[in-house]
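Here is the structure we will look at, set down as structure tokens.
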Amino acid sequence: MNHRYLCANHHQWLTADPLRAEQAWMDWIERGASLCEDGNQGEAIPFLGCAYELADFLLSVRRPAYAIAAQRFAESARLLMDAYHHRGQQNHGNYILVGASSRLARELKDGDNYRITADCIRTLYTREPNPPARQQWQRQLGGIVSLH
């Protein structure tokens, strides 16, 4: 199973500029979450999938900081997993869980960030939202203008 949400051209364009990637992530995560709240998980999955891919990139470049990037990544994965599960696509949701937890597990070697990484992994397996983390990255991005 291979989940790709961004085409190669958009992936390259967005990852060439981390600020642009952050802005797109913010737009897509908000749009996907809003669609899920309205019960439109099928429409939300492409937005959440793109946000998940961008969150992985932002985690790799530690943008804007490791703690925020890790929390965004976990939140993106959790929302995407939940959307798949609500649609009865447990295999897809579990695939995202395994990929996201493996990605975060590679970060555990960094002792300075061990606690935040472990908390993010826990969030994936409990599938509980992390409102304080979400509020933190929303405050951090308060000055970023939407792409729309």
### Query
Can you tell me which residues in the range 77-120 are under 29 Å from Asp38 (Cβ atoms), of a type outside the set (D, E, K, R) and in contact with a Leu (Cβ under 7 Å, 6 or more places away or on another chain)?
Ala77, Leu79, Leu80, Met81, Ala83, Ile96, Leu97, Ala100, Ser101, Cys120
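Only one of Gly143, Gly93, Gly88 is modelled with pLDDT of 75 or more, more than 15 Å from Leu59 (Cα to Cα) and not in a helix (DSSP H, G or I); which?
Of the residues listed, the single one that is modelled with pLDDT of 75 or more, more than 15 Å from Leu59 (Cα to Cα) and not in a helix (DSSP H, G or I) is Gly88.
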#### Entry: Test: residue in the range 104-119 that is more than 24 Å from Gln12 (Cα to Cα), touching a residue at least 60 places away in the same chain (Cβ under 8 Å) and part of a helix (DSSP H, G or I)
no
### Task
Go over the candidates Glu43, Glu75 one by one and state the one that is at pLDDT 95 or above, assigned to a helix (DSSP H, G or I) and over 15 Å from Thr123 (Cβ atoms).
Glu43
#### Entry: For Tyr114: the one exception among (1) within 11 Å of the chain's Cα centre (by Cα); (2) more than 15 Å from Leu48 (Cα to Cα)
(1)
#### Entry: Search result, residues across the range 4-19 that are of a type outside the set (A, V, I, L, M, F, W, C) and either in contact with a Lys or Arg (Cβ under 7 Å, 6 or more places away or on another chain) or over 21 Å from Val61 (Cβ atoms) (or both)
Pro18
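Surrounded by 19 or more Cβ atoms within 10 Å (Cβ to Cβ), without any contact (Cβ under 8 Å) to a residue 24 or more places away in the chain, under 16 Å from Gly42 (Cα atoms) and more than 12 Å from the chain's Cα centre (by Cα): which single residue out of Gly93, Gly88 fits that description?
Gly93
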## Note on the structure
Selection from the range 27-48 of residues among the charged types (D, E, K, R) and over 15 Å from the mean Cα position of the chain (by Cα) yields Glu37, Asp38, Glu43
### Query
Is there a residue being of a type in the set (Ser, Thr, Tyr) and more than 15 Å from Phe57 (Cα to Cα) anywhere in the range 20-34?
yes
### Query
Looking at the range 53-60, is at least one residue more than 16 Å from the chain's Cα centre (by Cα) and touching a residue at least 24 places away in the same chain (Cβ under 8 Å)?
no
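What's the total number of residues in the range 11-26 that are surrounded by fewer than 20 Cβ atoms within 10 Å (Cβ to Cβ) and either under 12 Å from the mean Cα position of the chain (by Cα) or closer than 14 Å to Phe73 by Cα (or both)? Walk me through how you get there before you give the answer.
The first filter runs over the range 11-26 and keeps only residues surrounded by fewer than 20 Cβ atoms within 10 Å (Cβ to Cβ), leaving 11-13, 15-20, 23.
Next, only the ones that are either under 12 Å from the mean Cα position of the chain (by Cα) or closer than 14 Å to Phe73 by Cα (or both) stay: none.
The number of residues fulfilling the criteria is 0.
The values are calculated or read from the model by the stated rules, or taken from the named source; none is laboratory data. Just so we're clear, the structure is a prediction, and the values are computed from it rather than from any experiment. Here Cβ is always computed from backbone atoms with ideal geometry, including for glycine, and neighbour counts include all displayed protein chains.
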